[in-house]
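One structure is given here, and the rest of the page talks about it.
The values are calculated or read from the model by the stated rules, or taken from the named source; none is laboratory data. As the structure is a computational prediction, the values presented were derived from the model and not from experiment. Cβ sites come from the backbone with ideal geometry, for glycine too, and all protein chains shown count toward neighbours.
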Amino acid sequence: MAHEPGRPTQALDPPAAAEAPTPTRHERALQAIAENPAWYHSIELAPGVVTPGRVDMRAAAERVLPPDLSGRRALDIGTFDGFWAFEMERRGAEVVAIDVERLDDAEWPPRNRERLLDEVDRHQLELGRGFRLAANLLGSGVERRICSVYDLRPEAIGGSVDFAFMGALLLHLRDPVRALESVRASLRPGGELRSMEPFALDLTLRSPRAPAARFQPLETPFNWWLPNIAALRAWPRAAGFGRPRLLRVLKPPSVRQMRQPYAVLDCPRDP
């Protein structure tokens with residue numbers, strides 16, 4: 001249309017900026033994976049999107065945990081990225097998870113500590129980052145608390161629990177019996193600890209009944225012990241638990257350095 005002289009020109013509104021599309025769950029899961037440079041657990045954050053963990057316990061969970069934990073309060077000890085806590089929550093439990101505040105609070109052997117701290121700084125590793133990212137993607141209500149297993153008491157976790165899970169932790173502790181004593185103190189009478197720990201197959205075959213363990217600080221960066229199954233039974237008994245029951249032996253997929261058999265034990269807290 002031609003502009004008539006003397007008639008004011010009508011200003012045109014600028015086109016509205018297009019709104020950025022809301023990221024899909026798949027896209028948010030991929031972003032979360034990228035934000036954590038080192039995942040310990042393999043966790044499915046969205047259908048088909050799994051964190052690149054060092055160990056994949058997804059198939060093992062069906063054989064380790066009870067199928068139904070409804071109405072029970074559960075504890076995940078040394079939760080790291082939270083895989084076992086989320087699995088217990090998925091089975092109906094109210095879950096609290098504990099871990100130390102920083103990686104350098106872990107009970108590393110003194111001769112390896114400086115080198116391990118350098119690796120933490122170089123790779124910008126942050127304990128708890130994977131848990132936060134995964135919990136957000138999964139819509140989880142698991143409560144994560146900062147607490148060493150040695151300091152574990154009912155008052156530290158908001159009350160006693162009915163069921164506790166401990167996975168691959170005892171081998172990293174100087175004093176496994178002291179840790180188990182604290183776990184027992186957090187359980188209600190009649191509660192149970194489900195443990196899943198690596199064990200030495202050769203020591204188990206050579207000494208099936210007598211407790212034995214390989215002392216490992218001079219052989220590995222993180223580990224204090226690699227026990228036989230008899231030692232895994234004896235440690236809870238020494239801490240005051242009832243007679244542990246061996247449920248099964250598993251060998252879950254993992255990176256080469258962590259490829260080893262695990263013993264799953266049920267440890268009752270006698271009244």
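What the table shows:
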read-out: Whichever residue in region 126-149 is in contact with a helix residue (DSSP H, G or I) (Cβ under 6 Å, 6 or more places away or on another chain) and over 23 Å from Ala46 (Cβ atoms) and, among such residues, is surrounded by the most Cβ atoms within 10 Å (Cβ to Cβ); value: Val149
read-out: Any chance Ala29 is at pLDDT 90 or above, loosely packed, with under 12 Cβ neighbours inside 10 Å and among the aliphatic types (A, V, I, L, M); value: no
read-out: Within region 206-227, considering residues that are without any contact (Cβ under 8 Å) to a residue 40 or more places away in the chain and within 21 Å of Trp108 (Cα to Cα), the one surrounded by the most Cβ atoms within 10 Å (Cβ to Cβ); value: Ala213
read-out: In region 96-141, the residues that are farther than 23 Å from Ala34 by Cβ, in contact (Cβ under 8 Å) with a residue 60 or more places away in the chain and assigned to a loop (DSSP other than H, G, I, E, B); value: Ala106, Glu107, Trp108, Pro109
read-out: Gly242 being surrounded by fewer than 19 Cβ atoms within 10 Å (Cβ to Cβ), among the small types (Gly, Ala, Ser) and in a loop (DSSP other than H, G, I, E, B); value: yes
read-out: Failed item, numbered, when Ala179 is tested on (1) buried (at least 16 other Cβ atoms within 10 Å of the Cβ); (2) of a type in the set (Gly, Ala, Ser); (3) assigned to a loop (DSSP other than H, G, I, E, B); value: (3)
read-out: Residues located in region 43-71, provided they are out of contact with any His (no Cβ under 8 Å at 6 or more places or on another chain), small (Gly, Ala, Ser) and either modelled with pLDDT under 95 or surrounded by fewer than 20 Cβ atoms within 10 Å (Cβ to Cβ) (or both); value: Ala59, Ala61, Ser70, Gly71
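Table: residues versus (1) outside any loop (DSSP other than H, G, I, E, B); (2) closer than 25 Å to Ala93 by Cβ; (3) touching a Pro at 6+ places or on another chain (Cβ under 6 Å); (4) of a type outside the set (Lys, Arg).
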residue: Arg184; (1), (2), (3), (4): yes, yes, no, no
residue: Arg188; (1), (2), (3), (4): yes, yes, no, no
residue: Gly191; (1), (2), (3), (4): yes, yes, no, yes
residue: Arg194; (1), (2), (3), (4): yes, yes, no, no
residue: Thr204; (1), (2), (3), (4): yes, no, no, yes
residue: Ala210; (1), (2), (3), (4): no, no, no, yes
residue: Pro217; (1), (2), (3), (4): no, no, yes, yes
residue: Phe222; (1), (2), (3), (4): no, no, no, yes
residue: Leu226; (1), (2), (3), (4): yes, no, no, yes
